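Asks: Sharing a structure, written as structure tokens. Questions coming.
The values are calculated or read from the model by the stated rules, or taken from the named source; none is laboratory data. Note that the structure is predicted; figures quoted are calculated from it, not measured. Heads up, the Cβs are rebuilt from the backbone with ideal geometry, glycines too, and the neighbour counts pull from every protein chain shown.
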Amino acid sequence: MKAAITLLILGLLVGCGNGGTPPAIQSAPAKAPDENATLAAISKINEAQSAFFKLNRRYALTFDELVDGRLLDAEPATSQTGYEFKLRPAADAQTYQLSVSPLVASPAARHFFTDQAGIIHADAGKDANAGSPALAK
């Protein structure tokens, strides 16, 4: 019991050492969306998923599966593209959807969508889906 009280007092003293002000957290500014890098990454993911399906008769559930299978060099990095990539396979892994959204929201920034059909769809200022306009190849 005395040990617990001593630890509690030490914890309080250490916590009070900085005057009660939490340290400032600095974060790097978000990268501006790079559509060319993003579209190249989407195309590579579609190609990797197609190859994965031919080998495994299902689509990859994660980017790690594509990387481990040496079908993709790495998961797309938000620091390089300025976009967030969300891979959503179906429960039976017979289909997948990939939603790609800019980290910095703006009415002009395009959002992208693709699935196992390999067609890339885009919408400005809102999430894209299969009903969004398809990009010309």
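Asks: Quickly run through segment 45-60 and pick out the residues that are surrounded by 16 or more Cβ atoms within 10 Å (Cβ to Cβ) and either in contact (Cβ under 8 Å) with a residue 40 or more places away in the chain or within 21 Å of Ala128 (Cα to Cα) (or both).
Replies: Ile45, Asn46, Gln49, Phe53, Tyr59
Asks: Among the residues of segment 90-106, what is the count of those that are buried (at least 17 other Cβ atoms within 10 Å of the Cβ) and touching a helix residue (DSSP H, G or I) at 6+ places or on another chain (Cβ under 9 Å)?
Replies: The first filter runs over segment 90-106 and keeps only residues buried (at least 17 other Cβ atoms within 10 Å of the Cβ), leaving 96, 98-102.
Those left that are additionally touching a helix residue (DSSP H, G or I) at 6+ places or on another chain (Cβ under 9 Å): 96, 98, 100, 102.
Counting residues in segment 90-106 that are buried (at least 17 other Cβ atoms within 10 Å of the Cβ) and touching a helix residue (DSSP H, G or I) at 6+ places or on another chain (Cβ under 9 Å) gives 4.
Asks: Any residue that is more than 22 Å from Ala136 (Cα to Cα), at pLDDT 95 or above, part of a loop (DSSP other than H, G, I, E, B) and out of contact with any helix residue (DSSP H, G or I) (no Cβ under 6 Å at 6 or more places or on another chain) - is there at least one of those in segment 16-37? Walk me through it before giving the result.
Replies: Kept after step one, since they are more than 22 Å from Ala136 (Cα to Cα), are these residues of segment 16-37: 16-32.
Now restrict to residues that are at pLDDT 95 or above: none.
Taking every residue of segment 16-37 in turn, none turns out to be more than 22 Å from Ala136 (Cα to Cα), at pLDDT 95 or above, part of a loop (DSSP other than H, G, I, E, B) and out of contact with any helix residue (DSSP H, G or I) (no Cβ under 6 Å at 6 or more places or on another chain).
Asks: Just to check your reading of the model, which residue among Gly118, Gly125 is on the phi > 0 side of the Ramachandran plot and either modelled with pLDDT of 95 or more or of a type in the set (Lys, Arg) (or both)? Full working, then the answer.
Replies: On the way: Gly125 fails: either modelled with pLDDT of 95 or more or of a type in the set (Lys, Arg) (or both).
One residue alone meets the criteria, Gly118.
Asks: Are there any pairs, at least 6 apart or on different chains, whose C-beta atoms fall under 7 Å, with the first in segment 62-73 and under 13 Å from Ser43 (Cα atoms) and the second of a type in the set (D, E, K, R), and if so, which?
Replies: Leu72/Lys44
Asks: Kindly establish whether Ala3 is modelled with pLDDT of 90 or more, part of a helix (DSSP H, G or I) and of a type outside the set (Lys, Arg).
Replies: Details: modelled with pLDDT of 90 or more: no; part of a helix (DSSP H, G or I): yes; of a type outside the set (Lys, Arg): yes.
Considered against the rule, which asks whether it is modelled with pLDDT of 90 or more, part of a helix (DSSP H, G or I) and of a type outside the set (Lys, Arg), Ala3 comes out as no.
Asks: List the number of the failed condition for Thr95; all other conditions in (1) within 18 Å of the chain's Cα centre (by Cα); (2) at pLDDT 95 or above; (3) among the β-branched types (Val, Ile, Thr) hold.
Replies: (1)
Asks: Restricting to segment 67-101, count the residues that are in a strand (DSSP E or B), farther than 11 Å from Thr114 by Cα and among the small types (Gly, Ala, Ser).
Replies: Total meeting the criteria: 1.
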